[in-house]
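The values are calculated or read from the model by the stated rules, or taken from the named source; none is laboratory data. All of these numbers come straight from a predicted model, not from anything done at the bench. Because the Cβ atoms are built from the backbone with ideal geometry, glycine has one as well, and the counts that use them run over all protein chains shown.
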Amino acid sequence: MSKSHNDVVHPLYTDKDKSRNYTENSSKSCDYRPPFRRDIDRLVHSTCFRRLQGKTQLYPGFESDFFRNRLTHSLEVASIARSIAMKLNGENDFFKGRLIDPDIVEFAGLAHDLGHPPFGHQGEYELDLLMREDGGYEGNAQTLRLLTKIEKKGFSDVDDYHGSNGSDERKGLNLAYRTLASILKYDVITPEKRPKTEFYKTGKKKGEKIKPVKGYYWFDQNLVNKIKEATGGHESGKKFKTIECQIMDVADDISYSTYDLEDGLKAGFYTLQDVVFPEKKLLQAISDEIELELPDGWVFKPTPEKVGEILQNLFSEFLFQNFEPTSISNINESFKYLNKQYSIISAYSHNGYQRNFLTSTLVNRFIDGVRLIPNKDFPAQSVVTLHDKTLGEVEVLKKFTYNSQVLSSRLKIAEFRGREIVKEIFTTLTGPAGCELLPDDFRNMYESPGADKKRIICDFVAGMTDRYAIEFYARLKSENAETIFKPL
């Protein structure tokens, strides 16, 4: 008896998922490694991956080598993502006989922040403003560009930028299509041209400059179409986002909400008491920024009171250890209890063991809150998200760390300096004879016939680490003479 349509088990992966944009010489292949593992190796040995160690996650890298940078953050996201994949494979009958490949998930975690320029999001916003009329700039779009064009991997003698008739012959790392699909977070085309004076007219903060369009560059549309076609299962009428990409996205949120919180405690931006009992202004700011459309079809829009309740419930088990209200019967007992509670709160800021216990407990809790919404006809497009309660906790915690640290005056000064450095380098290089200041490889590309000159300079600036950008800026503007013998 033939199977009905509902009984058909669609595979999670096909041979097309493993195919690549460019054919490689079979003699150079390493058959002892699965194709997706090879892709991880290509990433780990790439220049752009190494540079993540010099790019800001939360605090400027020169402050301390203790705090997380983009590289350590990416390693943590990859670890959490792999754990989520293993959890889903083990707990859901849906994946019997077609397990999620943890190598793709790990790759997505390692690669998701490659496109970040120096100085974090502020560097990104400045580059986008400078490139508004030339395709814009956005971290996710740049990640795809890095992997498919900019990164060097010698597949042939012509693996280079020629610029003839506007063409770009570079092949990047030539990754499998399913690997590339894992970093396509936003199925949106970045417009070719946008006005520099683009502002919000209604909603959000009226008059505020619009942030970069999250998606992929307009000139990469044909490539993205190839990725979608090869990976299959693109359900008509819905945004393309593979299950591996969704797992990475959830892992990124979990990592961001917990480990940035830990760094903030270590840096002294707040104590755990500040987290549980925030000022009313902060509660209002958090509630104003959260509006989530949940998979079940309803919208999570918390009030300041709800935000406070979520934070209190989330951390009550850490703050109120061995709470015995009946023992507080007089003044002396009350002070003893308060002193004990103060010691507990203080430990999470000054004791590394306590901070580690806090974050590991939260990470495990949030991973337990991962849910699957299967898609039998398009398994690659199955939805991976967090249960509504967990999603609310993660979002509130993300917004708390953002508003408590990123929006603080101490970090704002560092961000302002970063934006100014990016702007000055970019405007100098795009000015008269600016290309003469580029390193030889970028200068050769810049001078190629039909080259997209502004995009080449944008790629150069975006690839800088924080320290290199500061050093390059000093070469341009410092009063002290800089050596000519140190390579650019």
How many residues are closer than 21 Å to Pro102 by Cα and at pLDDT below 90 when one looks only at segment 1-56? 7
Return yes or no: is Ser334 part of a loop (DSSP other than H, G, I, E, B), over 39 Å from the mean Cα position of the chain (by Cα) and modelled with pLDDT under 65? no
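Name the residue, out of Ser404, Ser448, Ser409, that is at pLDDT below 90 and surrounded by fewer than 14 Cβ atoms within 10 Å (Cβ to Cβ).
Exactly one of Ser404, Ser448, Ser409 is at pLDDT below 90 and surrounded by fewer than 14 Cβ atoms within 10 Å (Cβ to Cβ), namely Ser409.
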Would you mention how many residues in segment 152-209 are closer than 23 Å to Val105 by Cα, at pLDDT below 95 and outside any loop (DSSP other than H, G, I, E, B)? 0
Counting only residues that are surrounded by 20 or more Cβ atoms within 10 Å (Cβ to Cβ) and of a type in the set (Ser, Thr, Tyr), how many does segment 36-58 have? 2
Looking at (1) of a type in the set (Ser, Thr, Tyr); (2) closer than 27 Å to Gly135 by Cβ; (3) over 23 Å from the mean Cα position of the chain (by Cα); (4) surrounded by fewer than 18 Cβ atoms within 10 Å (Cβ to Cβ), can you tell me which one Tyr468 breaks? (3)
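Return the only residue of Lys389, Lys412, Lys376 being of a type in the set (Lys, Arg) and not in a helix (DSSP H, G or I). Can you show your working first?
Details: Lys389 fails: not in a helix (DSSP H, G or I); Lys412 fails: not in a helix (DSSP H, G or I).
Lys376 is the lone residue from the list that is of a type in the set (Lys, Arg) and not in a helix (DSSP H, G or I).
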When residues of segment 414-436 are limited to those that are among the aliphatic types (A, V, I, L, M) and in contact (Cβ under 8 Å) with a residue 40 or more places away in the chain, the one farthest from Leu130 (Cα to Cα): Ala414
